[in-house]
Amino acid sequence: MDKVIEISDRAVADYGFRQAVLYGVEDVARRWELSDQEKTVLETTVLQALSTLPIPVQPEDVPGEQARLAEIIRNAG
């Protein structure tokens, strides 16, 4: 799940990348060469979590949100 966490971390910190993940999950999964299990977690758990984040995530909140999403991903995997 390390790749999925890396994608999530980047999506929390970079709103443009978050949009790419939210609206182009198939492309992101292919480019990052995700396994079927990783792709499923990205398509379900990560997309749901990313869609609830504020726009943008304030810089001081980024590390906490990244840690929170990483824990959710680990539990889903």
Suppose R0 equals 25 Å; then what is the FRET efficiency for Leu22 and Arg68 from their Cβ-Cβ distance, rounded to the nearest 0.05? 0.90
If a/c stays under 1.5 just call it rounded; otherwise compare a/b with b/c (prolate if a/b is bigger, oblate if not). Do that for region 13-77, with a ≥ b ≥ c from the square roots of the Cα gyration tensor eigenvalues. oblate
If you plug each phi of region 69-77 into the Karplus form 6.51 cos²θ - 1.76 cosθ + 1.60 with θ = phi - 60°, what whole-Hz ³J(HN,Hα) values come out, in order, with x for Gly and Pro? 5, 4, 5, 4, 5, 4, 5, 7, x
For Thr44 paired with Glu6, estimate the spin-label separation in nm (one decimal), with each label point 7 Å from Cα along the Cα-to-Cβ line. 2.4
Can you pull the accessible area of Asp61 for me, 1.4 Å probe, Å² to the nearest 10? 70
With θ taken as phi - 60° and the coefficients 6.51, -1.76 and 1.60, list the Karplus ³J(HN,Hα) couplings across region 50-58 in order, rounded to whole Hz; mark glycine and proline as x. 5, 5, 9, 6, x, 10, x, 6, 5
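The values are calculated or read from the model by the stated rules, or taken from the named source; none is laboratory data. All of these numbers come straight from a predicted model, not from anything done at the bench. So basically every Cβ, Gly included, is an ideal-geometry build from the backbone, and we count neighbours across all protein chains shown. The area values use the complete protein model at the heavy-atom level, side chains included, leaving out ligands, DNA and RNA. Shrake-Rupley method; radii C 1.70, N 1.55, O 1.52, S 1.80 Å.
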